[in-house]
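The numbers here are math on the coordinates, done by the rules we state, and not lab data. Just so you know, these numbers come straight off a predicted model, no measurement behind them. Virtual Cβ from ideal backbone geometry, glycine too; neighbours counted across all protein chains shown.
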Amino acid sequence: MGGGDPAAVAVGQPAMTEPAAAVTPTRSEGRYWTVRLLRPDEDAVMADLSRACFGTRGDSLEFIRARYTHSTGPRVSVVVGDAGGQICGTQAVTFFPGFAAGREITIGMFTAGMTHPDHRKRGVFRDVVLSAERYAWEQGADCLFTMPNDESFPSFQRFPGWRCLADRPLLAMPLRLGRLLGDRGMPRWLSGPVGFLSDGALARRFSTPPATVIELGDLAPLVSAFDQLAEQEGRRSGRIICRRDSAFLRWRFLQNPSFKYRVFVARNSDSIEGYLVTTIEHRMKTTLAHVVDWLAIPAPGALEGLIAAGARAAREDGATLIAMIATSGARVEPFRAFGFHRVPRRLVGRGFHTAVAINPARSDLAELGSGDDGWHLTLGDFDTI
């Protein structure tokens with residue numbers, strides 16, 4: 001199973017020579033960078049690289065410190081390409097406890113895969129990613145997953161040992177149809193009546209929230225209940241799934257400096273039947289709510305009640321649309337039954353890709369890990385559509 005000495009994977013570890021030496025240069029002029037681990041005092045350099053790659057959408061210094069260089073959550077290392085003192089590429093790997101068909105494993109999540117624009121098409125990305133992969137195996141990861149963007153996805157299609165799953169579907173449901181159509185340019189004389197009929201039906205549906213669903217305030221009283229839910233569902237799911245316990249919830253959502261989240265909890269006496277997390281973003285004249293994570297037992301009404309509570313709150317927050325990237329094929333039907341529909345890619349302008357790799361020493365995971373429905377994923381370092 002997964003493991004490894006936590007002290008051996010500290011972010012500040014100064015060198016990582018073996019993975020670097022094992023990668024062959026991909027351009028004839030040779031390899032002009034070395035591969036090592038990011039130091040904690042290089043967080044501002046990583047933030048500069050993120051801005052160089054993504055502009056205003058790049059990660060903030062506060063986010064990089066919270067997620068990578070000074071994380072109080074899961075153990076994490078950032079593999080970097082160093083070109084004469086300049087960081088030209090990064091690949092972070094975060095190690096989670098998890099389950100595979102009920103058995104305990106260690107899962108590695110790749111995020112923050114970046115190559116400086118001045119160093120692209122020279123083999124930096126490939127070198128850093130494959131070095132990070134070998135490093136993850138050395139540190140005890142049993143499997144890896146990442147959600148690459150459209151630009152890096154073709155590379156993962158070519159990398160040996162990686163398999164690209166079917167794109168995750170994007171499901172969405174209008175919350176204020178009249179306003180949504182108006183934002184998209186429909187004349188008011190037409191969007192108004194359409195919205196009146198649709199919004200009235202939605203308002204009646206959301207008028208009474210499920211009595212068993214509450215919005216999370218203080219996590220402390222529910223720590224043991226969240227941990228019990230994570231253990232129970234992790235072993236029951238039959239998929240590869242990160243342990244979504246109280247520590248995961250705190251690190252992933254409650255202590256995230258870049259996004260604000262609302263966490264809804266389905267209670268049953270002293271136990272928890274599930275949770276659902278939403279956030280709000282403003283894009284293209286639209287206020288969009290996004291379901292970024294959920295976990296629920298297969299009890300009647302548990303997930304349905306969470307969906308209703310999340311959608312109702314999003315509508316009250318002014319969202320015109322609520323969407324979800326289907327990170328698991330498990331029980332997507334309740335979302336469809338509630339009114340979510342698949343959004344064609346041509347309307348989104350991008351794909352939602354997933355690439356996975358299985359540790360060569362864990363051949364017993366190969367069949368489950370290579371299946372499109374073998375994972376209950378968590379989104380990586382982005383919570384935007």
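Extending each Cα 7 Å along its Cβ direction at T384 and D317, get the distance between those two points in nm, one decimal.
1.6 nm
In region 46-136, which chymotrypsin sites (Phe, Trp or Tyr not before Pro) fall in coil by DSSP and have 14 or fewer other Cβ atoms within 10 Å?
Within region 46-136, no chymotrypsin sites (Phe, Trp or Tyr not before Pro) qualify (loop, at most 14 other Cβ atoms within 10 Å).
Between L61 and E104, what is the FRET efficiency for a Förster distance of 35 Å, r being their Cβ-Cβ separation, to the nearest 0.05?
0.50
Can you tell me, using C-alpha contacts under 8 Å and at least 6 residues apart, the relative contact order of region 99-144 as a whole percent?
Reported as a whole number, the value is 59 percent.
So which chymotrypsin sites (Phe, Trp or Tyr not before Pro) in region 319-363 end up in coil per DSSP with only 14 or fewer other C-beta atoms within 10 Å?
Those that pass, being in a loop and sparsely packed, number zero.
Could you list S155, S363 so that the one with the fewest beta carbons within 10 Å of its beta carbon is first and the one with the most is last?
S363, S155
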